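**Q** I have a structure I would like to understand better, so I am pasting it below and will then ask my questions one at a time.
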Amino acid sequence: ALVRRELLTLEADPRSPERGQYAFVQALIREVAYNTLARADRKVRHLAAARFFESLGSDELAGALAGHYLKANANAPEGPERDALAAQARVALKGAAERAAALGAHDQAITLFEQALTVTTEPADRADLLERAGKSASAAARFEQLEPFFKKAIEIQRDLGDGPAVVRLSARLGRALLNGRRLDDALALMEPVAAEFAALFPDEANVALEGQLARAYFLNDDLERSLSVAERVLAAAERADLLDVLADTLVTKGSTMCSIGRLNEGIGVIEIGVKLARSKGFSGTLLRALNNWIATTSEFDFIGGQAAAVQSLALARRVGDRGSTLGNLTAMGWFELMAANTDTAVATWSGVLAEDPDPSIRIYCVSGLIATAILRGEPIGDRMKELQQVGGQLTDHRATSALLATQTWVEFFSGQLAASRRSAREAVSQDPDNAPAHYMQAARAALWLGDASAAAQDLADLEAMGIHAPITELRQQTIRAGLAALDGRTNEALSLYREASRGWRDGGMMMIEALTGMDMATLLDPSLPEVRAAADRSRETFVRMGATPMIARLDAALARPSVAAGKGARAADPAQARAEVPDPA
């Protein structure tokens with residue numbers, strides 16, 4: 001009858017989880033109907049609904065069950081009955097929150113934990129709920145929420161005199177802060193706690209805390225200290241069978257070894273961490289391991305890095321890890337840009353920004369959009385302001401180095417080659433993990449300026465790193481080809497360029513292949529057939545990318561008069577590189 005009067009509607013869609021349930025057509029009518037009930041009647045009906053849902057024994061009704069107990073409590077008078085309903089509501093809400101977290105619905109879990117806190121008075125129980133809420137907030141990358149949850153829990157446990165709990169919670173908060181690239185805050189939190197409770201080592205909580213300290217030192221480029229602490233943690237974790245700490249610290253140790261140049265050894269250690277995390281279902285560590293794998297193998301296998309990003313993204317989505325999901329999408333945008341798929345890259349970064357990510361993720365998206373815009377000749381002024389604003393919110397130099405890397409890119413593609421080389425050289429010290437790419441950028445700017453001495457220095461510094469990896473060697477080969485071209489050793493230059501171009505193409509880095517073709521057109525005789533063929537491939541790629549300024553620069557290079565065979569070609573006038581490019585301001 002109520003359906004006929006259009007007060008209620010019946011959900012009949014067989015695809016809907018609410019199929020067979022009734023709902024009010026208008027929320028206003030629902031509120032009026034609810035508010036006509038006396039508080040005592042509301043309590044009775046909520047309690048009856050809760051007990052009915054309980055009798056069905058369905059996990060899917062956990063949220064509804066908890067909600068009815070909570071409302072029954074809210075409508076009960078002060079006294080024993082209300083206390084009993086509060087206890088039932090607390091148990092139901094905690095169960096519903098844990099189920100939501102297990103399903104990856106961490107935002108819902110946070111809400112349920114917060115509701116449970118409203119009916120919880122015992123300090124130990126409140127600390128437990130706060131910790132669980134903090135864990136879900138970490139998974140959801142809700143950094144503005146997680147810190148108050150954990151800090152309040154730490155405060156309660158201090159008042160209770162539970163030292164191991166203080167250490168455990170500090171480790172959890174420290175890990176979350178590191179995930180958010182708040183390196184200074186993480187160190188300021190964890191170092192004093194580790195010193196205060198040092199006598200408890202190797203208690204499980206202390207081992208976990210020092211594991212996060214090792215990671216913090218790695219991110220702070222205090223690499224020797226990171227290795228030292230990691231070794232101490234690994235020994236203790238092995239003896240105590242703390243497999244989660246063991247797996248996570250293996251990833252830290254392997255990543256640190258890669259950063260000090262022990263690449264093959266470091267990658268092997270990371271692989272052990274990945275294997276252990278996967279076999280034991282440590283999803284958080286596995287996601288971190290895959291992310292570090294993407295970074296550390298960037299000089300080995302571009303296509304493999306793409307595959308790892310896809311795998312990591314699938315895992316992050318499955319477990320509901322919002323931060324890792326957005327981080328992986330951001331990385332995939334950069335893979336797409338290097339593969340010359342600019343439309344896909346822009347769509348990916350724009351989609352991430354629409355999710356209002358943490359600044360540690362936002363900065364890489366904005367940087368990517370600037371890089372793409374400068375290639376396409378589009379305005380970048382507003383984006384540059386946004387980049388500076390986001391960078392000001394971060395303390396982790398790995399994130400803030402995006403500012404300098406973007407500046408290098410903008411200067412290069414705006415024709416400010418000398419400034420670009422200086423910025424690229426500076427970026428080496430701020431972002432040592434990506435030093436090979438920065439040296440390549442510096443050398444390319446020097447070559448286009450015709451400065452063989454500067455390019456030779458960039459090559460020597462790159463070789464001194466001692467990295468023997470396929471992409472690093474392609475970088476070196478490309479620079480050597482440019483030096484041979486400037487020196488008039490045309491046949492040698494052509495041979496080196498031929499192999500380098502093939503390597504970039506086979507490795508899926510189509511944009512770098514196009515830039516290598518641009519090198520050839522800029523540094524060699526444009527009338528040479530092989531130069532023309534390489535330029536044609538570059539043009540096809542730039543057209544696909546919508547890189548109009550690069551096409552104009554390529555045409556200008558090819559329009560230069562040919563030179564006598566064997567005498568080489570001078571670099572094209574760098575002023576031509578400024579044609580049809582946007583004002584970086």
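**Q** Any residue that is touching a Leu at 6+ places or on another chain (Cβ under 7 Å), touching a residue at least 24 places away in the same chain (Cβ under 8 Å) and farther than 27 Å from A236 by Cβ - is there at least one of those in the range 272-288?
**A** Within the range 272-288, not a single residue is touching a Leu at 6+ places or on another chain (Cβ under 7 Å), touching a residue at least 24 places away in the same chain (Cβ under 8 Å) and farther than 27 Å from A236 by Cβ.
**Q** Name the residues in the range 289-317 that are assigned to a helix (DSSP H, G or I), over 15 Å from the mean Cα position of the chain (by Cα) and touching a residue at least 12 places away in the same chain (Cβ under 8 Å), would you?
**A** Residues satisfying the conditions are F302, I303.
**Q** Tell me, yes or no, whether the range 466-485 has at least one residue that is under 30 Å from L177 (Cβ atoms) and crowded, with 22+ Cβ neighbours inside 10 Å.
**A** Checked against the condition, which is being under 30 Å from L177 (Cβ atoms) and crowded, with 22+ Cβ neighbours inside 10 Å, the range 466-485 yields no hits at all.
**Q** For the range 507-567, which fully contained helices (runs of 4 or more DSSP H) count at least 3 residues that are under 17 Å from M440 (Cβ atoms)?
**A** Where helices (runs of 4 or more DSSP H) fall fully within the range 507-567 and carry at least 3 residues being under 17 Å from M440 (Cβ atoms), they are 510-523.
**Q** Please tell me if P192 is outside any helix (DSSP H, G or I) and either open to solvent by 10 Å² or more (accessible area, probe 1.4 Å) or not hydroxyl-bearing (S, T, Y) (or both).
**A** no
**Q** Given the conditions (1) surrounded by 19 or more Cβ atoms within 10 Å (Cβ to Cβ); (2) among the aliphatic types (A, V, I, L, M); (3) farther than 24 Å from A102 by Cβ, and given that L200 satisfies all but one, which numbered condition is not satisfied?
**A** All conditions pass for L200, except number (1).
**Q** Okay, moving on. Does G503 fit the bill of being open to solvent by less than 20 Å² (accessible area, probe 1.4 Å) and either assigned to a helix (DSSP H, G or I) or basic (K, R) (or both)?
**A** no
**Q** Shifting gears a bit: Enumerate the pairs (first residue in the range 346-372 and over 21 Å from E147 (Cα atoms); second residue anywhere and of a type in the set (D, E) and part of a helix (DSSP H, G or I)) with beta-carbon separation below 8 Å, excluding pairs fewer than 6 apart on the same chain, so at least 6 apart or on different chains.
**A** Close Cβ pairs (under 8 Å, with a partner that is of a type in the set (D, E) and part of a helix (DSSP H, G or I)) amount to T348/E336; V366/E386.
**Q** Can you run down the residue pairs with Cβ atoms below 8 Å, 6 or more apart or on separate chains, where the first is in the range 445-474 and part of a helix (DSSP H, G or I) and at pLDDT below 95 and the partner is open to solvent by 40 Å² or more (accessible area, probe 1.4 Å) and polar (S, T, N, Q)?
**A** Once the first residue is part of a helix (DSSP H, G or I) and at pLDDT below 95 and sits in the range 445-474, its partners that are open to solvent by 40 Å² or more (accessible area, probe 1.4 Å) and polar (S, T, N, Q) give I471/S298.
**Q** Pairs please, first residue from the range 107-118 and aromatic (F, W, Y), second anywhere and modelled with pLDDT of 90 or more and open to solvent by 70 Å² or more (accessible area, probe 1.4 Å), Cβ atoms under 7 Å, 6+ apart in sequence or on different chains.
**A** F113/R132
**Q** What pairs come up if the first residue lies in the range 22-37 and is aliphatic (A, V, I, L, M), the second is open to solvent by less than 80 Å² (accessible area, probe 1.4 Å) and not in a loop (DSSP other than H, G, I, E, B), and their beta carbons are under 7 Å apart, counting only those six or more places apart or on different chains?
**A** A23/L8; A23/T9; V25/L8; V25/T9
The values are calculated or read from the model by the stated rules, or taken from the named source; none is laboratory data. All values reported here derive from a predicted model rather than from experimental measurement. Glycine also receives a Cβ, built like all others from the backbone with ideal geometry; neighbour counts cover every protein chain displayed. Quick note on the areas: whole protein, heavy atoms, side chains included, nothing else; ligands and nucleic acids left out. Shrake-Rupley method; radii C 1.70, N 1.55, O 1.52, S 1.80 Å.
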